[in-house]
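Asker: Provided herewith is a single structure, encoded as C-alpha cells, for subsequent inquiry.
The values are calculated or read from the model by the stated rules, or taken from the named source; none is laboratory data. Because the structure is a prediction, the values reported are computed rather than measured. In this analysis, Cβ positions are derived from the backbone assuming ideal geometry, glycine residues included, and neighbour counts consider all displayed protein chains.
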Ligand SMILES: [Zn+2]
C-alpha cells in the first residue's frame, strides 16, 4: 500500500506530531496522507496531543490489565466503525533480531503505531525479549509477533542483546562454581524453518551463559517435558511432510496430527510428571552451567506456552543439542531409556530426520551410557523406537529420554543422580 511521495508525507506527519496540540495541522496531514493499514483519525488526533506518551510505553503489567478491562466490546466496535484510513509511518525495511531494552520494565507491542489506543496492545514483553525486526524508523520498530505485524517504540529497542542483572553467586556455591543468573529470553522466530507448524508459540525459553573459567561454548537445550496449559487440546502435524506416524506412542501409528503438548502421566504417588521433569531440569541446568555448558531452558515454571514443535525449533536455532526429560507411563520401575529413531525406511528418508537421525541416536546412546556409569538402572537395551514430533522436526542432536516410569524414585537424591548421569553422557557425546 505504498504510494509515491509517501516518505515526504510521513515526514510531514511526524514533524507535526512533534509539536503538541496541533490538532488542525494533524487533521490536514491526515487528509493529505491517504493510505493506511491501521490508524484512525481519532487515534491520530489523540496522538497529536500526546506525542510524549512514548514514555508511557514502559508500564507495569497491572496498568495494562486495567486498561484492557475497561475496554468494552461496544467501545471497540464503535471505534473501528469510525476509523478513517490514514498514514502508517514509513519504515526502512530490515530483517534482523533486536532486543527489548528497558530498565527492567516491560514494553507494549501494538498492532498500530498509536500509544493512545489500549485496544491495539498485542502483548506486554519484558526487558531482554528477542524480537524479529522487519522495519524501523526513529519512532517505531516494526516486528513479526506471533505471525502478525506488530509495532514497538524504537526508544526501547537495542540491536545488541544485553545481559539481565547479573547476580554472581559466591565461588563456593553448592554447584561448586560461580553461576550467573544471566538469562536471556529466546522467542520463536516465525522465519525459522518449520515455524509454520508450531501452534503454541507465545512462551519464551531462557538462555543462560556459563560463568565458569572453562566455558565450553556449547549450548544444551534442557526441555522439561509437558507443562503447557491447553496443549493437549491443540493438534499439530506429526511430520513436516504430512505423512502418518510410523509407530504408536501417546498418539497411535497412522495419525497425521497429535496433541501439541500432552499433559503427561501421574506418578504412582500422585505427583504429576510435569512437576518432576521441571525439578529435574532445574537440577540439570545448575550442573551443566557449573561444568561450563551454556543452557537453554525451555521451561522453568509450571507452565510455558510452547508446544513440542516450538520447543524443538527453539532448540534447533539456539542450541547444540536438545534433551527432553520424561518419565514413562508404565508402573514397573523398569529403568531409564531413550526414544530412538524408528528403523523405518520412509521415516529415515524424510527431512530433517534423514540428515540428523544418526546424531539423535548417538546422543541417546551417550546419555544412557552416562546414566549407567552413574549407577542408574537402565531398561532393556537402553532404547525404544518411537516416532516423535520432536525427532521429526529436529535439526540438532535431539533425544527424548525416559528417566524411569510411574514407580520410579523421584526424590531430590534420585534426581541428582540422574543429573550426574545425563551430564556425564553429554560430556561423552561432545568428547566423542
Ligand atoms: Zn512425558
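Asker: Does residue 228 count as within 14 Å of the ligand (Cβ to nearest atom), at pLDDT below 95, part of a loop (DSSP other than H, G, I, E, B) and assigned by TED's automatic domain parsing to the domain that holds residue 311?
Answerer: Details: within 14 Å of the ligand (Cβ to nearest atom): yes; at pLDDT below 95: no; part of a loop (DSSP other than H, G, I, E, B): yes; assigned by TED's automatic domain parsing to the domain that holds residue 311: yes.
So residue 228 does not fit the description; no.
Asker: Looking for whichever is more than 16 Å from the ligand (Cβ to nearest atom), in contact with a strand residue (DSSP E or B) (Cβ under 7 Å, 6 or more places away or on another chain), in contact (Cβ under 8 Å) with a residue 24 or more places away in the chain and at negative phi here; the options are 378, 401. Which one fits? First the steps, then the outcome.
Answerer: On the way: 401 fails: more than 16 Å from the ligand (Cβ to nearest atom).
When all the criteria are applied, what remains is 378.
Asker: Checking the conditions here, which among 390, 412, 358 is at negative phi and within 16 Å of the ligand (Cβ to nearest atom)? Explain how you work it out, then say what you get.
Answerer: On the way: 412 fails: within 16 Å of the ligand (Cβ to nearest atom); 358 fails: within 16 Å of the ligand (Cβ to nearest atom).
Only one candidate qualifies: 390.
Asker: Another one. What strands (runs of 3 or more DSSP E) lie completely within the stretch 242-343 and have 3 or more residues being touching a strand residue (DSSP E or B) at 6+ places or on another chain (Cβ under 8 Å) and surrounded by 19 or more Cβ atoms within 10 Å (Cβ to Cβ)?
Answerer: Details: elements: 257-259, 294-297, 321-328, 336-340.
Filter on the stretch 242-343 gives 294-297, 321-328, 336-340.
Asker: What about residue 304, is it within 16 Å of the ligand (Cβ to nearest atom) and either outside the structural domain of residue 219 (by TED's automatic domain parsing) or under 23 Å from residue 189 (Cβ atoms) (or both)? Can you show your working first?
Answerer: On the way: within 16 Å of the ligand (Cβ to nearest atom): yes; either outside the structural domain of residue 219 (by TED's automatic domain parsing) or under 23 Å from residue 189 (Cβ atoms) (or both): yes.
Spelling it out, residue 304 is indeed within 16 Å of the ligand (Cβ to nearest atom) and either outside the structural domain of residue 219 (by TED's automatic domain parsing) or under 23 Å from residue 189 (Cβ atoms) (or both).
Asker: Given the structure, is residue 193 over 21 Å from residue 421 (Cβ atoms), surrounded by fewer than 22 Cβ atoms within 10 Å (Cβ to Cβ) and either more than 16 Å from the ligand (Cβ to nearest atom) or free of Cβ contacts under 8 Å to residues at least 12 places away in the same chain (or both)?
Answerer: Answer is yes for this residue.
Asker: Would you pick out the residues in the stretch 344-355 that are under 26 Å from the mean Cα position of the chain (by Cα) and either buried (at least 20 other Cβ atoms within 10 Å of the Cβ) or outside the structural domain of residue 245 (by TED's automatic domain parsing) (or both)?
Answerer: Initial filter on the stretch 344-355 (under 26 Å from the mean Cα position of the chain (by Cα)): 350-355.
If the condition is that a residue be under 26 Å from the mean Cα position of the chain (by Cα) and either buried (at least 20 other Cβ atoms within 10 Å of the Cβ) or outside the structural domain of residue 245 (by TED's automatic domain parsing) (or both), then 353 is the only one that fits.
Asker: Additional query: For the stretch 405-415, does any single residue satisfy the condition of being within 24 Å of the chain's Cα centre (by Cα) and at pLDDT 95 or above? Walk me through it before giving the result.
Answerer: First, the residues of the stretch 405-415 that are within 24 Å of the chain's Cα centre (by Cα): none.
Scanning the stretch 405-415 turns up no residue that is within 24 Å of the chain's Cα centre (by Cα) and at pLDDT 95 or above.
Asker: Provide a single number: the residues in the stretch 260-278 that are closer than 23 Å to residue 201 by Cα and more than 11 Å from the ligand (Cβ to nearest atom).
Answerer: 3
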